[in-house]
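Peer 1: Below are the structure tokens for one structure; questions will follow.
Values quoted throughout were computed directly from the atomic coordinates according to the rules given, and no laboratory measurement underlies them. Note that the structure is a prediction, hence the values are computed from the model and not measured. Cβ placement follows ideal geometry from the backbone for every residue including glycine, while neighbour counts extend to all protein chains displayed.
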Amino acid sequence: MSADALADLLADARAGVAFTGAGVSTESGIPDFRSSEGLWTREDPRDLSFRRYVASAALREEAWRRRYALWQDPPRPNLGHLALADLEAAGHLAGVVTQNVDGLHGEAGSATVVELHGSTRRVACIGDAPRAGTPQGCGFSASHTWAFARLEAGEADPRCPDCGGIVKTTTVSFGQNLWPGVLEEATALLDRADLVLVVGSSLAVEPAASLPRRAQRAGVPLAIVNAEPTPLDDVAEVCVRARAGGVLADVTAALPSRRQASA
Ligand code: NAD
């Protein structure tokens with residue numbers, strides 16, 4: 001189905017929610033997991049499990065070195081992120097629920113962003129010996145720039161300034177539980193949605209993928225923009241099989257004239 005049908009749905013939406021995955025950020029140069037160029041073709045992200053992070057100071061030091069190096073030339077929002085921010089500002093979207101950890105929706109200007117899997121841009125104390133995938137920190141949390149300043153000061157594995165616990169970005173690693181309240185926050189946004197727009201997600205990761213499925217079953221129209229097929233294509237009102245940036249930019253640019261035409 002076409003981008004025109006997507007523009008029609010968006011033109012009518014007043015509280016749409018974008019549900020995004022790694023595919024919305026590939027055009028910013030960040031690889032996804034499952035497509036042909038994805039990370040799983042090169043390395044197994046499960047190597048970066050919560051259990052291993054807690055157990056190995058060497059792995060934490062390597063993780064901080066990598067994050068610091070990446071931040072020297074950070075990725076920028078692309079046309080897709082910017083279009084979603086414009087759609088929110090124009091009153092068609094109420095916000096974004098994202099599986100991404102890159103912080104690019106916020107940087108693009110989206111005001112309401114629920115980050116289901118946390119963010120590389122924030123760090124938090126996870127305690128001294130957290131077990132069973134649950135952080136047990138003292139409540140310390142800061143921008144990732146706090147950690148970068150500690151690295152520049154010579155600490156290879158910055159520790160919590162309040163309690164000495166292990167510090168980690170708020171990203172949810174394999175074997176780590178979601179942060180408390182985040183699923184409820186996403187559900188509350190989706191419960192008020194009059195459209196769910198999936199962008200760049202294989203809809204293969206649970207419990208995240210259950211959110212658009214639940215909304216669709218409750219009668220909310222579903223639109224999907226994804227480069228490859230997804231398990232929800234058959235129940236979507238509109239399914240655009242293409243790279244997200246160009247499609248979303250074109251659709252967003254076309255909306256004001258559509259509103260005038262239907263007025
Ligand atoms: P996924 O890798 O399972 O699926 C990505 C989907 O996006 C694929 O179906 C692919 O065909 C599609 N895609 C790729 N480029 C596209 C483009 N330009 N336009 C439209 N579609 C495109 O990703 P997922 O569903 O988000 O699940 C993977 C998990 O990996 C999530 O939990 C996420 O937190 C994490 N992750 C995040 C990032 C990030 O923050 N940018 C990057 C990699 C993985």
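Peer 1: What is the residue count in region 193-244 for residues that are more than 14 Å from the ligand (Cβ to nearest atom), over 15 Å from Ala3 (Cα atoms), of a type in the set (A, V, I, L, M, F, W, C) and surrounded by 17 or more Cβ atoms within 10 Å (Cβ to Cβ)?
Peer 2: 5
Peer 1: Would you mind telling me which numbered condition in (1) touching a residue at least 12 places away in the same chain (Cβ under 8 Å); (2) more than 16 Å from the ligand (Cβ to nearest atom); (3) under 30 Å from Leu248 (Cα atoms) Glu184 fails?
Peer 2: (1)
Peer 1: Name the residue, out of Val96, Val101, that is closer than 21 Å to Thr187 by Cα and more than 12 Å from the ligand (Cβ to nearest atom).
Peer 2: Exactly one residue qualifies, and that residue is Val96.
Peer 1: So is Ser119 under 30 Å from Pro212 (Cβ atoms) and either within 20 Å of the chain's Cα centre (by Cα) or of a type outside the set (S, T, N, Q) (or both) or not?
Peer 2: It is true that Ser119 is under 30 Å from Pro212 (Cβ atoms) and either within 20 Å of the chain's Cα centre (by Cα) or of a type outside the set (S, T, N, Q) (or both).
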